[in-house]
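See structure below.
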Amino acid sequence: MCLSNGLLLMLIALIPFPTKTLGEFLLTIGFKTAVIFYTAYFVLISIAFRLLWYAASRKPGILSNDVTAA
């Protein structure tokens with residue numbers, strides 16, 4: 001679980017990089033590629049969050065007793 005948490009935090013900390021890339025290519029011919037990179041980066045963050053949730057939900061006692069498997 002520690003690895004998935006570290007991955008998510010690293011990706012969150014690096015958000016300025018794809019944002020800067022998108023801003024630099026905003027009015028150029030490479031705009032489409034920059035948008036794809038920006039979107040893919042946030043999809044990667046979403047996958048890392050799902051990985052963290054999966055790791056947390058598999059270990060008993062980490063989540064509240066009110067949380068069900070569904």
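A few points about this structure:
- Test: residue in region 1-17 that is part of a helix (DSSP H, G or I), at pLDDT below 90, in contact with a helix residue (DSSP H, G or I) (Cβ under 7 Å, 6 or more places away or on another chain) and open to solvent by less than 100 Å² (accessible area, probe 1.4 Å): no
- Of all residues in region 36-50, those that are under 20 Å from C2 (Cβ atoms) have Cβ atoms under 7 Å from Cβ atoms of residues that are exposed (fewer than 15 other Cβ atoms within 10 Å of the Cβ), 6 or more apart or on another chain, in I45/I12.
- Qualifying residues in region 24-56 (those that are open to solvent by less than 50 Å² (accessible area, probe 1.4 Å) and part of a helix (DSSP H, G or I)) - the one modelled with the lowest pLDDT: A56
The values are calculated or read from the model by the stated rules, or taken from the named source; none is laboratory data. Remember, predicted model here, so these are calculated numbers, not experimental data. Note that we place each Cβ from the backbone using ideal geometry, even for glycine, and neighbour counts take in every protein chain shown. We work out accessible area using only protein heavy atoms, side chains counted, and drop any ligands, DNA or RNA first. Shrake-Rupley method; radii C 1.70, N 1.55, O 1.52, S 1.80 Å.
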